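Chemist: I'd like to ask some things about the structure below.
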Amino acid sequence: MGKTTETLAAAGIEAARLETGLLVEHVTGFGRMAALGAPERAIETAASAAVAKLAARRTRGEPLAYLIGTREFWSLDFLVTRQTLIPRPDSECLVEAALANRARLPDRPRILDLGTGTGCLLLALLSEFKDATGVGVDIDAGAATVARANAERLGFSDRARILCGNWADCLNSGTKPGEFHIVVSNPPYISADEWPDLAPTVREFEPPRALLGGTDGLNAYRQIAGRLPGLLAPGGLAILEIGARQAHQVAEILKFEGLKVQKPLKDLAGHDRCLLATLKKHDI
C-alpha cells in the first residue's frame, strides 16, 4: 500500500492514498476500509504485481474509472469502459433540473436520453421517478452494451430500453410523436479549437466521438434541436448539458426550432452547465 501511494503521489495525484485503496479493492476484492488498512505483505501476497501495473497506468494519466471499471453518479455505481464517457458530478445538475420540475410532469413520465453513454442520466432519473420508463440511445454499439449492463445490474432493465442509433433516428418504429415528458442529453460539445487544450487525461483516453461537437462544438445541438418538437409531449421538458460558454449559442439554436428556453443552470463550479427548453405553448 505505502509504495503504491508514494508512486501515485510522486506523479501528482492528489488523492493518492484513496486511489491506492480503490485499486487494491478492485484487484483483491478487499472492502474499501480493509484495503486501506491491509498490511503491505498481505497486498503483496495477494496481487501486488497487478496493483503495480494499474498504478503505472494511472501515473501515465489513464483515468481511475477506466482502471477499476466503475464510477459513481447520483449515488449509483456505473460500469464504464473506454467506449463510454466517464460520468461527471457536474452532469448531475440535469437530474436536479428534472426533479425541480417534477410538479409539471405526469405520475408516469416517459424519459429519453440521447447519447446515453453509460446510461447514467437515464438510470439516475429512473431511480428518482419510480414509475417512469425510458429509452437511452447511443450511436456507439459498445456504449449501448455498457448502458444495458448498467440497467441490468442496477435493477432498471424492466423500465429502460437501450437502443443503438444516431440520436432519435432509431425511434421511428414503435414511438409515438410527442411521447416523451423528459428529454435529456449530454452531447459532444467540445469545439475543434478547444480540443488541444483539454486535459491529457481526457483527450488521450476518453472517446473523441463523445466529446467533439464539430468545428464550433454545436453540431449535436443542431441535430437534437430539430427533433425536439416532435419528441416532447405537451408540457414536456428538454434538458441539455452545454459547455461553459455555449449558453447563448445553444439557446438560439433551440429558439430557431420554436422552443422556449429558460435561463441556464450552473454547475458546481458556477459555470453555465445546462439549458431547459419547452414547447412554446407549454413553457415553464
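The values are calculated or read from the model by the stated rules, or taken from the named source; none is laboratory data. In this text the structure is predicted, and so the values were computed from the model without any measurement. Cβ placement follows ideal geometry from the backbone for every residue including glycine, while neighbour counts extend to all protein chains displayed.
Chemist: Could you identify the single residue in Ala210, Ala244, Ala225 that is in the same structural domain as Val135 (by TED's automatic domain parsing) and at pLDDT below 95?
Modeler: Details: Ala210 fails: at pLDDT below 95; Ala225 fails: at pLDDT below 95.
None of the others qualify; the one that does is Ala244.
Chemist: Follow-up question, since we're still on this one. With (1) at pLDDT 95 or above; (2) over 20 Å from Leu228 (Cα atoms); (3) more than 19 Å from the chain's Cα centre (by Cα) as the list, and Leu154 as the residue in question, which single condition is left unmet?
Modeler: Exception for Leu154: condition (3).
Chemist: Turning to a different aspect of this structure: Determine whether the stretch 168-178 contains at least one residue that is among the hydrophobic types (A, V, I, L, M, F, W, C), out of contact with any Phe, Trp or Tyr (no Cβ under 7 Å at 6 or more places or on another chain), modelled with pLDDT of 95 or more and surrounded by 14 or more Cβ atoms within 10 Å (Cβ to Cβ).
Modeler: No, because not a single residue in the stretch 168-178 is among the hydrophobic types (A, V, I, L, M, F, W, C), out of contact with any Phe, Trp or Tyr (no Cβ under 7 Å at 6 or more places or on another chain), modelled with pLDDT of 95 or more and surrounded by 14 or more Cβ atoms within 10 Å (Cβ to Cβ).
Chemist: Okay, moving on. Just to check your reading of the model, which residue among Thr201, Thr215 is surrounded by fewer than 15 Cβ atoms within 10 Å (Cβ to Cβ), of a type in the set (S, T, N, Q) and closer than 25 Å to Ala143 by Cβ? Can you show your working first?
Modeler: Details: Thr201 fails: surrounded by fewer than 15 Cβ atoms within 10 Å (Cβ to Cβ).
Answer to the check: Thr215.
Chemist: Shifting gears a bit: Phe73: touching a helix residue (DSSP H, G or I) at 6+ places or on another chain (Cβ under 6 Å), farther than 19 Å from Tyr189 by Cα and of a type in the set (Phe, Trp, Tyr), yes or no?
Modeler: On the way: touching a helix residue (DSSP H, G or I) at 6+ places or on another chain (Cβ under 6 Å): yes; farther than 19 Å from Tyr189 by Cα: yes; of a type in the set (Phe, Trp, Tyr): yes.
Judged against the criteria, Phe73 is a match.
Chemist: Here are some conditions: (1) among the aliphatic types (A, V, I, L, M); (2) in a strand (DSSP E or B); (3) over 26 Å from Asn101 (Cβ atoms). Leu163 meets all but one. Which one does it not meet?
Modeler: The one condition Leu163 does not meet is (3).
Chemist: Follow-up question, since we're still on this one. Which one is surrounded by the fewest Cβ atoms within 10 Å (Cβ to Cβ), of the residues in the stretch 116-154 that are in a strand (DSSP E or B) and touching a Cys at 6+ places or on another chain (Cβ under 8 Å)? Quick ask: steps written out before the conclusion?
Modeler: Looking only at the stretch 116-154, we keep the residues that are in a strand (DSSP E or B), and these are 133-138.
Subset that is touching a Cys at 6+ places or on another chain (Cβ under 8 Å): 137-138.
Details: Val137: 25, Asp138: 29.
Checking each candidate, the answer is Val137.
Chemist: What's the total number of residues in the stretch 55-71 that are of a type in the set (Gly, Ala, Ser) and in contact (Cβ under 8 Å) with a residue 60 or more places away in the chain?
Modeler: Going residue by residue through the stretch 55-71, those that are of a type in the set (Gly, Ala, Ser) are 55-56, 61, 65, 69.
Now drop any that are not in contact (Cβ under 8 Å) with a residue 60 or more places away in the chain, which leaves 61.
The total comes to 1.
Chemist: Out of Asp169, Asp113, Asp138, Asp158, report the one residue that is under 22 Å from Ala220 (Cα atoms) and free of Cβ contacts under 8 Å to residues at least 12 places away in the same chain. It would help to see each step written out before you state the result.
Modeler: On the way: Asp113 fails: free of Cβ contacts under 8 Å to residues at least 12 places away in the same chain; Asp138 fails: free of Cβ contacts under 8 Å to residues at least 12 places away in the same chain; Asp158 fails: under 22 Å from Ala220 (Cα atoms).
Answer to the check: Asp169.
Chemist: I've got another one for you. Considering only the stretch 99-110, I want to know if a residue exists there that is part of a helix (DSSP H, G or I) and touching a Pro at 6+ places or on another chain (Cβ under 6 Å). Break it down stepwise before answering.
Modeler: The first filter runs over the stretch 99-110 and keeps only residues part of a helix (DSSP H, G or I), leaving 99-100, 102-104.
If we keep only those that are touching a Pro at 6+ places or on another chain (Cβ under 6 Å) as well, we get none.
No, because not a single residue in the stretch 99-110 is part of a helix (DSSP H, G or I) and touching a Pro at 6+ places or on another chain (Cβ under 6 Å).
Chemist: Let me ask something else. What's the total number of residues in the stretch 86-98 that are part of a loop (DSSP other than H, G, I, E, B) and closer than 20 Å to Arg161 by Cα? Outline the logic, then answer.
Modeler: Applying the first criterion (part of a loop (DSSP other than H, G, I, E, B)) to the stretch 86-98 yields 86-88.
Remaining after also requiring closer than 20 Å to Arg161 by Cα: 87.
The qualifying residues number 1.
Chemist: Would you tally the residues in the stretch 77-97 being out of contact with any Pro (no Cβ under 9 Å at 6 or more places or on another chain) and among the hydrophobic types (A, V, I, L, M, F, W, C)? Break it down stepwise before answering.
Modeler: Taking the stretch 77-97 and keeping what is out of contact with any Pro (no Cβ under 9 Å at 6 or more places or on another chain), we get 77, 79, 81, 87-97.
Retained after the next criterion (residues that are among the hydrophobic types (A, V, I, L, M, F, W, C)): 79, 93-95, 97.
Of the residues in the stretch 77-97, 5 are out of contact with any Pro (no Cβ under 9 Å at 6 or more places or on another chain) and among the hydrophobic types (A, V, I, L, M, F, W, C).
Chemist: Could you look through the stretch 268-284, keep only residues that are at pLDDT 85 or above and more than 19 Å from Pro89 (Cβ to Cβ), and pick out the one that is surrounded by the most Cβ atoms within 10 Å (Cβ to Cβ)?
Modeler: Restricting to residues being at pLDDT 85 or above and more than 19 Å from Pro89 (Cβ to Cβ), the top hit is Ala277.
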